[in-house]
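The structure under discussion appears below in the form of structure tokens.
Just so it is clear, none of the values below were taken in a lab; they were calculated from the coordinates. These numbers were taken from a predicted model, which means no experiment stands behind them. Neighbour counts run over all protein chains shown; Cβ positions are idealised from the backbone, glycine included.
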Amino acid sequence: MTAELTTALVGACALGAGFGFFGAVSPGPLQTIIVSETLANGAKSAWRAAFAPVCTDPFALALALFVVTNVSDGALACVAFAGAALLFRIAWAEFRTTEADFDFSRKPRRPFYLIVALNFLNPNLWIYSFTVNALNVSNFQRDAGWGVAAAYLATFFVTITVCNLGIVALVAGLKSFFNARWLVYVNRALSVFLAFVALKFVWQGVTTLGLV
């Protein structure tokens, strides 16, 4: 394995792990289900929700990759700019996260098919697939090959699943005195990471258009 390939592989795994971790800890429909299900019905019920991304994301990502790999440079630049705008928006929202964003109510046990359906129909899943994951996979495939792109995806899915399971275990263990303050600090730290990735997407859009 060459030094360039090793560097690309490490970078892909690091980025996949970063986005997987962010997807697991940031407030959203799936995390709401994971935490609320744990608080209401315990880990034996909530662990199922941790695997929802594995069931839903590949479909959205496959469609996104088809679109990204079959469009013009101008359209690809627009996708990059849209991804940057989305990430800047998310970064700002994460920086402004408060404990109230993690205030979950007790809910009845949900069947697994409903958990998957709720995540599959979540607009954020499709937006994220088109403007972040598809672009990253396309970039790694173009620059270093499908092996590195696959490593990015594998790391992303493993990380988000493991982190989701970790949240289930943590919430279950701290159920009697659950405090979401640590999630606030984690999200604010991640907002800085997202801002840097957004700047990278802006640079890609500018270079794709040949402006630099």
inquiry  = Could you check the spin-label model distance between Lys44 and Cys78? Points 7 Å from the Cα along Cα→Cβ, value in nm.
reply    = 5.3 nm
Estimated inter-spin distance, Trp92 and Ala172, nm [label 7 Å along Cα→Cβ] = 3.9 nm
remark   = The extension gain from Trp182 to Cys55, computed as 0.36 nm times the residue separation minus the Cα-Cα distance, is 42.9 nm
